[in-house]
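Input: a single structure, listed below in structure tokens.
Each value in this text was obtained by applying a stated rule to the coordinates, not by laboratory testing. All figures in this text were calculated on a predicted structure; none of them were measured in a lab. All Cβ positions, glycine included, derive from the backbone under ideal geometry; neighbour counts span all protein chains shown.
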């Protein structure tokens, strides 16, 4: 089974790209969704995150309140590092279970959506990597349209991600999402074709 990792900075179109791969018939594991599950009632992340940030635990729901957790973290890199040191291994466990299940079902290709792919060295566990990118002005338009984070929070989150230029340099393939969905879809089809035929080999 071939394992492909997809990454990209905020607002680059990673979700739309992985949705396209899913529509093409490839199973996709989303790291962000895995984190939601880990922090929900009964999730493996509830206890260790509560130990680090007790104020984030919601007794009524038995889950981590993400809004409280975000306030507790603030823009403190050290606190974010602590949180990620707990969550990243747990997310990797969910990825491994996902891949094992897909392999047992005979999947040809499986996809891992990993926002911090290169930052965490996940490329070492993958057969191929795809970086999703778009021009800065389109990225800004998309982030503004979300309206979910102020400029300071946005800048902080972007600062914790590897620059887009560096990600593109490290990736096996680059997908451009600023030229329309049809263009992106055709790029993905070309990448899958090159992988299947063995036209591209990672150096």
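Cα centroid separation, the range 75-102 to the range 151-167: 19 Å.
If you take the Cα centroid of the range 1-69 and the Cα centroid of the range 107-144, the two points sit 15 Å apart.
Taking the DSSP bridge list for the chain and keeping only pairs wholly inside it, about 10 percent are antiparallel. Is the range 78-144 rounded, prolate or oblate when judged by the Cα gyration tensor, a ≥ b ≥ c being the square roots of its eigenvalues, rounded requiring a/c under 1.5 and prolate requiring a/b larger than b/c? Oblate is the answer for the range 78-144, as a/c is 1.5 or above yet b/c matches or exceeds a/b. So if we plug the beta-carbon distance of residue 151 and residue 59 into 1/(1 + (r/R0)^6) with R0 = 41 Å, what FRET efficiency do we get, rounded to 0.05? The calculated FRET efficiency here is 0.75.
Which whole-number percent is the relative contact order of the range 77-186 (Cα, under 8 Å, 6+ apart)? Could the numbers behind the result be given before it?
Working: 52 pairs, mean separation 35.3, N = 110.
Relative contact order of the range 77-186: 32 percent.
Once the chain from residue 199 to residue 104 is taken as fully extended at 0.36 nm per residue, the excess over their C-alpha distance is 31.5 nm. Note on residue 78 and residue 165: the model spin-label points, each 7 Å out from Cα along the C-beta direction, lie 3.2 nm apart.
By the gyration tensor of its Cα atoms, with a ≥ b ≥ c the square roots of the eigenvalues, what is the shape of the range 114-203: rounded for a/c under 1.5, prolate for a/b over b/c, or oblate? List each step's numbers first, then the result.
On the way: a/c = 2.98, a/b = 1.49, b/c = 2.00.
Judged from the Cα gyration tensor, the range 114-203 comes out oblate (a/c at least 1.5, b/c at or above a/b).
Over the chain, Cα pairs under 8 Å with separation of 6+ residues give a relative contact order of 34 percent. The simple spin-label model puts a point 7 Å past each Cα toward its Cβ; for residue 182 and residue 23 those points are separated by 1.3 nm.
Once C-alpha pairs closer than 8 Å and six or more residues apart are averaged by separation and normalised to the residue number of the range 1-85, the relative contact order reads 16 percent.
If R0 is 25 Å, what FRET efficiency do you get for residue 158 and residue 86 from their C-beta distance, rounded to 0.05?
Details: r = 22 Å, r/R0 = 0.90.
Rounded to the nearest 0.05, the efficiency is 0.65.
Given R0 = 22 Å, the distance between the Cβ atoms of residue 68 and residue 32 translates into a calculated FRET efficiency of 0.75. When Rg/Rh (Cα atoms, Kirkwood Rh) is computed from the coordinates, the matching label among (1) 0.98; (2) 0.95; (3) 1.04 is (1).
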